[in-house]
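The values are calculated or read from the model by the stated rules, or taken from the named source; none is laboratory data. Predicted model, so just to flag it, every value in this text is computed and none were measured. Ideal geometry is used to build each Cβ from the backbone, glycine not excepted, and the neighbour counts take in all protein chains shown.
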Amino acid sequence: MTSDDLSSYWQQAGQLLGFVVEAPYVVMLADGLSLKFSARLPDFGAPSGMLLSDAYGHFAPHANELARAGYGYSVLDASANEAFIRGNVIELLQDWGWSSSSTCAPVWFNAT
């Protein structure tokens with residue numbers, strides 16, 4: 001799955017399940033370096049949201065700085081033809097956890 005495919009997949013997931021997806025997403029580090037991610041899910045994972053990428057190598061040297069800035073991150077790999085499977089996406093989001101303090105989790109989030 002390319003970065004664009006990953007962005008599209010999560011945009012579709014957000015639309016179908018009703019959560020915010022910012023795709024693509026650029027993080028500006030303290031030293032001025034910018035890192036592009038396929039998406040950020042601001043309400044999941046860490047306080048600053050979950051960053052999604054298809055390659056760990058492009059941000060690996062900055063992983064600690066991202067964590068200090070409050071981001072979680074996940075590297076996802078799948079076929080470009082992978083169909084959206086609601087149950088799989090919900091399970092992954094539940095693993096990451098709801099981190100938003102400003103909005104309530106979707107109804108499906110706690111329904112198992």
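With (1) in a loop (DSSP other than H, G, I, E, B); (2) farther than 21 Å from SER7 by Cβ as the list, and GLU65 as the residue in question, which single condition is left unmet?
Among (1) in a loop (DSSP other than H, G, I, E, B); (2) farther than 21 Å from SER7 by Cβ, the lone unmet condition for GLU65 is (1).
If ALA63 satisfies all but one of (1) out of contact with any Pro (no Cβ under 8 Å at 6 or more places or on another chain); (2) in contact (Cβ under 8 Å) with a residue 12 or more places away in the chain, what's the number of the condition it fails?
Every condition holds for ALA63 apart from (2).
Identify, by number, the condition in (1) surrounded by 12 or more Cβ atoms within 10 Å (Cβ to Cβ); (2) farther than 21 Å from SER8 by Cα; (3) acidic (Asp, Glu) that GLU22 doesn't meet.
Going through the list (1) surrounded by 12 or more Cβ atoms within 10 Å (Cβ to Cβ); (2) farther than 21 Å from SER8 by Cα; (3) acidic (Asp, Glu), GLU22 breaks only (2).
Just to be sure I understand the filter: pairs with C-beta atoms under 6 Å, separated by 6 or more residues or on different chains, first member in the range 1-30 and under 16 Å from VAL107 (Cβ atoms), second member of a type in the set (A, V, I, L, M) and modelled with pLDDT of 95 or more. Which pairs pass?
Sorted first by the residue in the range 1-30, then by its partner, the pairs are GLY14/VAL21.
In this structure, does GLU65 turn out to be of a type in the set (Asp, Glu) and either surrounded by fewer than 15 Cβ atoms within 10 Å (Cβ to Cβ) or under 27 Å from ASN110 (Cβ atoms) (or both)? Walk me through it before giving the result.
Working: of a type in the set (Asp, Glu): yes; either surrounded by fewer than 15 Cβ atoms within 10 Å (Cβ to Cβ) or under 27 Å from ASN110 (Cβ atoms) (or both): no.
No, not satisfied.
Would you mention how many residues in the range 15-28 are among the small types (Gly, Ala, Ser) and farther than 11 Å from ARG40 by Cα? Step through it out loud before you land on a result.
Narrowing the range 15-28 to residues among the small types (Gly, Ala, Ser): 18, 23.
Within this subset, residues satisfying the condition of being farther than 11 Å from ARG40 by Cα are 18.
Selection size over the range 15-28: 1.
Please name all residue pairs, on different chains or six or more residues apart, with Cβ atoms under 6 Å, provided the first residue is in the range 80-95 and is modelled with pLDDT of 90 or more and the second residue is outside any helix (DSSP H, G or I).
LEU93/PHE44
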